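Take a look at the structure set out below.
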Ligand SMILES: Nc1ncnc2c1ncn2[C@@H]1O[C@H](COP(=O)(O)OP(=O)(O)OP(=O)(O)O)[C@@H](O)[C@H]1O
Ligand SMILES: [Mg+2]
């Protein structure tokens, strides 16, 4: 048999895209109240009045992004209000955010213009309409002046800010806070039954009927509930599918669920005391040397190889203890500016 002979492969997936991390499910379960709350903040715009601003916070992986995007989608489909969703982890400067807004309104004359110039040009266009500007992961913006500008220059709008970090809003500049004056909404983690329900629904989108055994689902749901992050749950479903496919099985059973969970545990056991100490040391180093480049930090750290050091940085970033911004420092090539960016503690790892 050839290495790439795929002829015996059992088809288990109905739509594997439903397990992608940025998939937007049709149905957002158990977040009706939150979606109504968001809609109520936006509703005044329907009558050409200014909307209410909203600050959403809560732990990772509990539906803040999907629920908000779902509301924005309904808004787009059913009203003339212009919804704009911007992920500030990816678009982390005022300029990038403004360029995203330009994309939404199809404004193309942005070349060689400063952020201020572009804002001056697009404000009249934005002010012909009502709009909702959602800045997800808002704490990742490198300079919050852009929030101030949007609040000042756009007249009929709702600004939605989303972050994991409840304390962030407290630390915002008082000029911004007084203009923002937001409604606050916390997303609480799902209970076990809700976790199970969401995973079950996702299985029905992603897999063919009767592929996923209820025992395997139960194992994954328990683990997901324990971790409290649905993103991990969806990842585990995908790992189960991949494990079954690799064995040419047309059913996902306890074995596949355990294999998938072991992959998570591998990550966890790497978290033994040594590694934890290592990560903790690097995290403290970053805290005390905020916004330095990765190579400067590595020099201060002074141990092991840069490659291992960078891996630790990646791990801290993935788990949202820090944020990394790529920069190009001439001949030195790719570098990262590292910011201490979360209130998470290492024992939440
Ligand atoms: N109520 C739900 N119904 C369907 N899928 C959900 C629901 N809640 C969460 N999910 C799924 O869980 C994953 C994580 O959700 P989401 O991205 O909204 O989390 P978040 O709260 O924004 O997390 P973070 O703070 O890390 O950005 C996504 O794959 C999403 O589709
Ligand atoms: Mg999110």
Query raised in the report: Is one or more of the residues making up the range 32-39 surrounded by 16 or more Cβ atoms within 10 Å (Cβ to Cβ) and touching a strand residue (DSSP E or B) at 6+ places or on another chain (Cβ under 6 Å)?
Result: yes
Query raised in the report: Restricting attention to the range 27-63, which residues are free of Cβ contacts under 8 Å to residues at least 12 places away in the same chain and within 16 Å of ligand 1 (Cβ to nearest atom)?
Result: 32, 33, 36
Requested in this report: Kindly provide the set of residues from the range 69-97 that are closer than 19 Å to residue 116 by Cα and over 20 Å from the mean Cα position of the chain (by Cα), ordered by number.
Outcome: 95
Query - Among (1) without any contact (Cβ under 8 Å) to a residue 24 or more places away in the chain; (2) within 27 Å of residue 5 (Cβ to Cβ), the one test that residue 212 misses - result: (1)
Query raised in the report: Quick one: how many residues across the range 5-30 are within 16 Å of ligand 2 (Cβ to nearest atom) and closer than 10 Å to residue 202 by Cα?
Result: 1
**Report entry** residue 181, sole failed condition from (1) surrounded by 14 or more Cβ atoms within 10 Å (Cβ to Cβ); (2) more than 16 Å from ligand 1 (Cβ to nearest atom); (3) in contact (Cβ under 8 Å) with a residue 60 or more places away in the chain
**Finding:** (1)
Query raised in the report: Counting just the residues of the range 60-86 that are touching a helix residue (DSSP H, G or I) at 6+ places or on another chain (Cβ under 8 Å) and more than 16 Å from residue 130 (Cα to Cα), which one comes out surrounded by the most Cβ atoms within 10 Å (Cβ to Cβ)?
Result: 68
Report task. Answer yes or no: is there a residue in the range 227-235 that is surrounded by fewer than 18 Cβ atoms within 10 Å (Cβ to Cβ), in a helix (DSSP H, G or I) and at pLDDT 95 or above. Result -> no
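Residue-wise test of (1) at pLDDT 85 or above; (2) under 26 Å from the mean Cα position of the chain (by Cα); (3) part of a strand (DSSP E or B).
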site	(1), (2), (3)
295	yes, no, no
298	yes, no, no
309	yes, yes, no
314	yes, yes, no
320	no, yes, no
323	yes, yes, yes
331	no, no, no
336	yes, yes, yes
347	no, yes, no
Query raised in the report: Within the bounds of the range 45-54, is there any residue that is under 16 Å from residue 104 (Cβ atoms) and either more than 12 Å from ligand 2 (Cβ to nearest atom) or touching a strand residue (DSSP E or B) at 6+ places or on another chain (Cβ under 8 Å) (or both)?
Result: yes
Report summary line: Picking from 153, 106, 139, the residue that is more than 16 Å from ligand 2 (Cβ to nearest atom) and either at pLDDT below 95 or in contact with a helix residue (DSSP H, G or I) (Cβ under 7 Å, 6 or more places away or on another chain) (or both) would be 153
Query raised in the report: Is it the case that some residue within the range 64-73 is farther than 28 Å from residue 178 by Cβ and more than 16 Å from ligand 1 (Cβ to nearest atom)?
Result: no
Query raised in the report: Any idea which of 78, 127 is over 30 Å from residue 188 (Cβ atoms) and modelled with pLDDT of 95 or more?
Result: 127
Query raised in the report: Has the range 37-48 got at least one residue that is more than 30 Å from residue 244 (Cβ to Cβ), at pLDDT below 95 and in a loop (DSSP other than H, G, I, E, B)?
Result: yes
**Report entry** Output for the range 120-139, where each listed residue is under 17 Å from residue 323 (Cβ atoms) and surrounded by 22 or more Cβ atoms within 10 Å (Cβ to Cβ)
**Finding:** 135, 137, 138, 139
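The values are calculated or read from the model by the stated rules, or taken from the named source; none is laboratory data. Remember, predicted model here, so these are calculated numbers, not experimental data. Cβ coordinates were reconstructed from backbone atoms using ideal geometry, including for glycine residues, and neighbour counts include every protein chain displayed.
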